[in-house]
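Values in this text are rule-based calculations from the coordinates and carry no lab data. Please read these numbers as outputs of a predicted model, since none were measured by experiment. No Cβ is skipped: glycine too gets one built from the backbone with ideal geometry, and neighbour counts run over all protein chains shown.
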Amino acid sequence: MRRRSGLLASMAIAWLVAMVAVSGCVTTSGAVVKIPVPVECRVQTPSRPAMPTELLVPGLALDRFAASALAEIEIREGYELELRAVVDACTAPVAPS
């Protein structure tokens, strides 16, 4: 009888160890891992406009030069806005699909 109870005890311990080992495999963490993936930017860079002051000839009247400089400021600001839009489009996070 003593031998049989020892065998049952060792079987119970083996079963308990097996259940503990298997229970570790059953649980899942369910964690979402976010990894940044580089994505090609498909926005075209706007072409640089011709600047009015680059087309001026030497010896031009001051008022004509000032008018060209003011026009160039407006053109550069518009070009800057286009470039910022391109940069924003290329650096915006990609929505998951």
| task | May I have the extent of the alpha carbons of the chain along their three principal axes, as whole Å values ordered from largest to smallest? | result | 121, 20, 17
| note | For region 31-97 the GluC sites (Glu not before Pro) that pass both the DSSP coil test and the at-most-16 other-Cβ-within-10 Å test are E40
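Mind checking the dipole of the chain: about its Cα centre, +1 per Lys or Arg Cβ, -1 per Asp or Glu Cβ, Debye to the nearest 20?
Values: 9 positive and 9 negative charges, 326 e Å.
For this selection, approximately 1560 debye.
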| query | Normalised by the residues of the chain, what does the relative contact order come to in percent, with Cα pairs under 8 Å and at least six apart? | reply | 31 percent
| Under the Karplus relation 6.51 cos²θ - 1.76 cosθ + 1.60, θ = phi - 60°, what is the ordered set of whole-Hz ³J(HN,Hα) values for region 8-22, x standing for Gly and Pro? | 5, 5, 5, 5, 5, 5, 4, 5, 5, 4, 5, 5, 5, 5, 6
| said: Net charge within 15 Å of R84 by Cβ-Cβ distance, Lys/Arg positive one each and Asp/Glu negative one each, not counting R84 itself? | reply: -2
| said: Please check: in the Gaussian network model of the chain (C-alpha springs, under 10 Å), which one of A14, A66, A31 has the largest mean-square fluctuation. | reply: A14
| query | How large, in Å, is region 46-94 by the Kirkwood hydrodynamic radius built from its alpha-carbon pairs? | reply | 12.5 Å
